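The values are calculated or read from the model by the stated rules, or taken from the named source; none is laboratory data. The structure displayed is predicted, hence computed values, not measured ones. FYI the Cβ positions are ideal-geometry reconstructions off the backbone, even for glycines, and counts take in every protein chain you see. The accessibility values were calculated without ligands, DNA or RNA, using every heavy atom of the protein model including side chains. Shrake-Rupley method; radii C 1.70, N 1.55, O 1.52, S 1.80 Å.
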Amino acid sequence: MARNVSSILAHLDDTRARLLASVADLSPDGLARRPAQNAWSAAEVLDHLAILEASLVLLFRDLIEGRRKPRLRLFDRVRRLPPSLIVHRLLKARAPKRVEPGVMQPMPVLVTRLAESRAALRALIEDTRERDLSRLGWVHFIFGALSLDDWFYLIGYHEERHRRQIVEIRSSLRV
């Protein structure tokens, strides 16, 4: 099965550009303010995205290089939802602890971390351009068993979900 690497990269580039545009004019205070006590600020959303993307790149490299093997149960193989569903903010899920935001970071640091994680993801996708990754995958706790190419699309859709969250944050804070 031929991979459409160009489509994957265009999807990732498009969602990242929209994400960064959604925060480009935020002041440091607007970036750091939370809309509610237990809600994330725009900065925390960006931090979460950088942490998640960097950790997924490491996981995917381990899968590709055979250092990790997916453990798929029958239910995981049967349960497979389209990655694009993650965009809809009506579906709520709590982020796993390992990808929760850390210490508040200023915008230049967040942008650098996002650029570094995206460069690593793009390199991984380019390095595997000629490989069939359809048999390599990992289980998402909601979406079930996804191929690595599905995961690459999911990363972009996940960013779009959080871009929409940032729009909601800005609206509630009027920033």
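See the values below:
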{"quantity": "Size of electric dipole in the range 6-51: Cβ of Lys, Arg +1 and of Asp, Glu -1, about Cα centre, debye, nearest 20", "calculated": "100 debye"}
{"quantity": "Cβ-placed point charges (K, R +1; D, E -1), dipole of the chain about Cα centre in debye, nearest 20", "calculated": "700 debye"}
{"quantity": "For the chain: accessible area per residue (Å², 1.4 Å)", "calculated": "55 Å²"}
{"quantity": "Stretch gain in nm, segment Lys97-Glu65, where the contour uses 0.36 nm per residue and the Cα spacing is subtracted", "calculated": "8.9 nm"}
{"quantity": "Ranking by accessible area, most exposed first, for Val103, Val57, Val167, Val175 with a 1.4 Å probe", "calculated": "Val103, Val167, Val175, Val57"}
{"quantity": "J(HN,Hα) series, the range 29-38, from Karplus relation 6.51 cos²θ - 1.76 cosθ + 1.60, nearest Hz, glycine and proline x", "calculated": "5, x, 5, 8, 6, 9, x, 7, 4, 9"}
{"quantity": "Carbon + sulfur, % of accessible area of the range 70-175 - ligands and nucleic acids excluded, 1.4 Å", "calculated": "58 percent"}
{"quantity": "Dipole of the chain [Lys/Arg +1, Asp/Glu -1 at C-beta], most positive-end residue of Leu154, Trp40, Phe141", "calculated": "Phe141"}
{"quantity": "Three-way shape label, the range 109-175, alpha-carbon gyration tensor, a/c 1.5", "calculated": "oblate"}
{"quantity": "Axial C-alpha extent at least 15 Å, average Kyte-Doolittle at least 0.0 - helices from the chain (DSSP)", "calculated": "5-23, 42-64, 107-127"}
